[in-house]
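All remarks here apply to the structure that follows.
The values are calculated or read from the model by the stated rules, or taken from the named source; none is laboratory data. Everything quoted here is computed from the prediction, not taken from an experiment. Ideal geometry is used to build each Cβ from the backbone, glycine not excepted, and the neighbour counts take in all protein chains shown. Only protein heavy atoms, including side chains, enter the accessible area calculation; ligands, DNA and RNA are left aside. Shrake-Rupley method; radii C 1.70, N 1.55, O 1.52, S 1.80 Å.
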Amino acid sequence: MPNYWLIKSEPFKYGWDDLIAEEEGVWDGVRNHLAKNNLKAMEVGDECFFYHSREGLEIVGICTVSVADILDPTDETGKWAAVKVKPKRKFKNPVSLKQIKAEPKLAECQLVKLSRLSVAQITPEDWQVICEMAEG
């Protein structure tokens, strides 16, 4: 059974359409220790919500970890982790942060509790609720 995650990116820097165009993207540039630990915990086959931060503030789709636990190619110190991800599916109905915060079942979700965290763990229960929200 896969683990579930949420990865954030500013769409003007690297958005869902960029991942689609590349077919596989490197998730790098993370410089937060909890986020690094989450990246290091990811395994091939784990699924991630792709969240547009700053603009949109919404989960736009699901991607899958294709390569786990690699060194961040943007880090000269060799301390930071990265993974590679491939797009799985785009949501017909993106799920906004506002919707997530309004859903009582998601009150303990890392996206809500640790809102600045760029790589968050998602419980299977929260994953299911958010997927149901995306399906309308």
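If the reach is capped at under 30 angstrom between alpha carbons, list the lysines near residue 79, excluding any in the same chain fewer than eight residues apart. Once the sequence-local lysines are set aside, what remains near residue 79 is 8, 13, 36, 40, 88, 113. Which aspartates and glutamates does residue 105 reach when only Cα atoms under 19 Å apart count, and residues fewer than 8 places away in its own chain are ignored? The reachable aspartates and glutamates, counting only those whose Cα sits under 19 Å from residue 105, are 58, 125, 126, 132, 135. Accessible area per residue (1.4 Å probe, heavy atoms of protein chains only) ranks 17, 69, 126 as 17, 69, 126, with the largest value leading. Taking amide H positions as modeled 1.01 Å from N, with prolines and chain starts lacking one, the residues under 5 Å from residue 44 and 5 or more places away or on another chain are 68. Taken per residue, the accessible surface of the chain reaches 55 Å², heavy atoms only and a 1.4 Å probe. Surface composition of the chain: carbon and sulfur make up 48 percent of the accessible area, probe 1.4 Å.
For the chain, the spread of Cα positions along the three principal axes, ordered from largest to smallest, is 42, 31, 30 Å. About its Cα centre, the dipole of the chain is roughly 380 debye, where the only charges are +1 on Lys and Arg Cβ and -1 on Asp and Glu Cβ.
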